[in-house]
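The values are calculated or read from the model by the stated rules, or taken from the named source; none is laboratory data. All values reported here derive from a predicted model rather than from experimental measurement. Positions of Cβ are generated from backbone atoms using ideal geometry, with glycine treated the same way; all protein chains shown enter the neighbour counts. Ligands, DNA and RNA are stripped out before the accessible areas are found, and what is left, the full protein with its side chains, is counted by its heavy atoms. Shrake-Rupley method; radii C 1.70, N 1.55, O 1.52, S 1.80 Å.
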Amino acid sequence: QVQLVESGGGLVQAGGSLRLSCAASGSIFRINYMGWYRQAPGKQRELVATIRRGGSTNYADSVKGRFTISRDNAKNTVYLQMNSLKPEDTDVYYCNAGILSTVIAGNRDYWGKGTLVTVSS
């Protein structure tokens, strides 16, 4: 009843930029947090950046100063502006959200299907 849809991934040269977006839809009462994680094949999914409803943010050390997370609460959308991209940033990026649904009691964690970011050398 809740869906997260990512967009904006693609192929970019090292040093370039991409902007990811993730829109939440469905039976949403309140979104408490949204964020981005990334996962390489065979590796553990890792945090990239998160933002809470009140606006506080958290970044992985590897992206601090290069990536910026933001959100538009009215649109139930989170963005990730990625600058100065490195080949090491190549991964599938997943949108994450903690959502209080109108049909399911309690806050629950939701995930998008992922969008591929490829940074070439």
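Might you report the magnitude of the Cβ-based charge dipole of segment 1-116 about its Cα centre, with Lys and Arg at +1 and Asp and Glu at -1, to the nearest 20 debye?
240 debye
Going toward the positive end of the dipole of segment 12-121, with +1 on Lys and Arg Cβ and -1 on Asp and Glu Cβ, which of P87, Q44, S27 do you reach last?
Highest projection toward the positive end goes to S27.
Report the local net charge at L4: Lys and Arg +1, Asp and Glu -1, summed over other residues whose C-beta lies under 11 Å from its C-beta.
Value of the local net charge: -1.
What is the sum of charges around D61, taking Lys and Arg as +1, Asp and Glu as -1, for the other residues whose C-beta is under 13 Å from the C-beta of D61?
Working: positive: K64, R66; negative: E46, E88.
For residues surrounding D61, the net value is 0.
Given a 1.4 angstrom probe, what's the average accessible area per residue across segment 70-120, in square angstrom?
Value for segment 70-120: 47 Å² per residue.
Taking the mean number of other Cβ atoms within 10 Å as a proxy for protection, how do you rank 36-46, 111-121 from highest to lowest?
111-121, 36-46
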